[in-house]
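Take a look at the structure set out below.
The values are calculated or read from the model by the stated rules, or taken from the named source; none is laboratory data. Quantities reported herein were computed from a predicted structural model and do not represent experimental measurements. So basically every Cβ, Gly included, is an ideal-geometry build from the backbone, and we count neighbours across all protein chains shown. Heads up: the accessible areas ignore ligands, DNA and RNA and are worked out on the full protein's heavy atoms, side chains in. Shrake-Rupley method; radii C 1.70, N 1.55, O 1.52, S 1.80 Å.
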Amino acid sequence: MPEIHYEQSTDLSVDDYIDILKRSTLAERRPIDQLELMRKAVTEADVIVTARIDNTLVGIARSLTDYSACVYVADLAVDEAFQGRGMGKQLLDLTHEICGLHTKMILLAAPKAETYYPHIGMTQHHSCWIR
């Protein structure tokens with residue numbers, strides 16, 4: 001398998017963001033046809049960690065954090081062709097390191113990914129409220 005390069009990104013384009021959402025199936029739950037919202041999702045995120053193979057974006061973790069108490073992972077998207085290789089866990093691990101391992105990492109699982117998170121050591125919390 002080619003080498004995967006992980007890094008904290010400060011220059012992710014909206015087009016690349018939408019493209020990886022599509023290739024991961026996460027686009028089904030995001031307003032990808034509303035470019036201004038997608039632009040804000042990229043520019044207003046506190047931490048974006050990317051995974052690339054030969055400069056091709058194959059994974060992303062986009063998060064919001066206060067660097068003190070919590071980090072909310074808004075998107076964890078890995079190209080379907082590369083899933084099952086530990087990339088999602090690595091993206092989350094690097095995000096957590098950047099935000100501080102003392103923070104609580106929080107995310108809402110996509111229905112197709114609910115069984116993935118216990119596999120990588122995350123615990124399900126049964127008291128989440130959405131408005």
Please list, in order, the residues from segment 64-101 whose amide nitrogen is less than 16 Å from a point placed 7 Å along the Cα→Cβ vector of residue 54.
81-82
Percent accessible area from carbon and sulfur atoms, the chain, protein chains only, probe 1.4 Å
50
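Rounded to the nearest 20 debye, what is the charge dipole size of the chain about its Cα centre when +1 sits on each Lys and Arg Cβ and -1 on each Asp and Glu Cβ? Numbers along the way, then the final one.
Working: 13 positive and 19 negative charges, 96 e Å.
Dipole magnitude for the chain comes out near 460 debye.
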Gain upon complete extension [residue 44, residue 80; 0.36 nm per residue less C-alpha separation]
10.4 nm
Cα-derived Rg over Rh, computed across the chain with Rh taken as Kirkwood radius:
0.93
Residue 64-residue 13 pseudo-label distance in nm [points 7 Å out on the Cα-to-Cβ vector]
2.7
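So what is the relative contact order for the chain, in percent, with contacts set as C-alpha pairs under 8 Å and at least six apart?
22
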Report the FRET efficiency, 1/(1 + (r/R0)^6), for residue 33 and residue 110, where r is their Cβ-Cβ distance and R0 is 30 Å, rounded to 0.05.
0.95
Where a ≥ b ≥ c are root eigenvalues of the Cα gyration tensor, a/c under 1.5 meaning rounded, otherwise prolate if a/b exceeds b/c and oblate otherwise, segment 19-87 counts as oblate
I'd like the accessible area for residue 112, computed on protein heavy atoms only with a 1.4 Å probe and all protein chains in place. Round to 10 Å², please.
140
Computed over the chain, protein heavy atoms only, probe 1.4 angstrom, the accessible area per residue in square angstrom equals 62
Ranking request for peptides 118-126, 29-37, 73-81: highest mean number of other beta-carbon atoms within 10 Å first, then the rest in descending order.
73-81, 29-37, 118-126
